[in-house]
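Asker: I have a structure I would like to understand better, so I am pasting it below and will then ask my questions one at a time.
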Amino acid sequence: MLPTERIVLDPEVLAGKPVIRGTRLAVELILELLAAGQSESEILANYPGLTREDILACLAYASYLAHEYKAFPIPA
């Protein structure tokens, strides 16, 4: 289950990548913009339909994935 209702997965939109509900903005795009150093206000100015809550939902989704990811070392 996704951590927020703002993020949706739809095979008909962007090949099923997670997007912000009601948009074609991929979660990965927002995360890449933040990682590249863009501020929240810059992102909101460049994407007028986006809200602060949408950006926070992208961060929550990334956190969810980081918690769900399991790596098990393989002995050499």
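No value in this document is a laboratory result; all are computed from the given coordinates. Keep in mind that this is a model prediction, so the values were computed, not measured. Here the Cβ is made from the backbone with ideal geometry for all residues, glycine too, and neighbour counts use every protein chain on show.
Asker: Given the options L59, L25, I74, identify the residue whose Cα lies farthest towards the positive end of the charge dipole of the chain (+1 on Cβ of Lys, Arg; -1 on Cβ of Asp, Glu).
Answerer: In the chain, that residue is I74.
Asker: Indicate the gyration tensor shape class of the stretch 7-68 (rounded, prolate or oblate), computed on the Cα atoms with a ≥ b ≥ c the square roots of the eigenvalues: a/c under 1.5 is rounded; otherwise a/b larger than b/c is prolate and the rest oblate.
Answerer: oblate
Asker: Give me a comma-separated list of calculated 3J(HN,Hα) values for the stretch 9-26, in order, Karplus coefficients 6.51, -1.76, 1.60 applied at θ = phi - 60°, integers in Hz, x for any Gly or Pro.
Answerer: 10, 9, x, 8, 10, 6, 6, x, 5, x, 10, 6, 3, x, 9, 10, 8, 6
Asker: Ok, one more. Just to be sure I understand the model, the point goes 7 Å from the Cα along the line to the Cβ. What's the resulting Q38 to E68 distance in nm?
Answerer: 2.4 nm
Asker: If you place +1 on the Cβ of every Lys and Arg, -1 on the Cβ of every Asp and Glu, and leave all else neutral, what size is the dipole of the stretch 7-68 about its Cα centre, to the nearest 20 Debye?
Answerer: Using only the charged Cβ atoms, the result is roughly 80 debye.
Asker: Moving on to the next point. Sort 64-72, 18-26 by the packing proxy (mean of other Cβ within 10 Å over each peptide's residues), most packed first.
Answerer: Ranking, from highest mean packing down: 18-26, 64-72.
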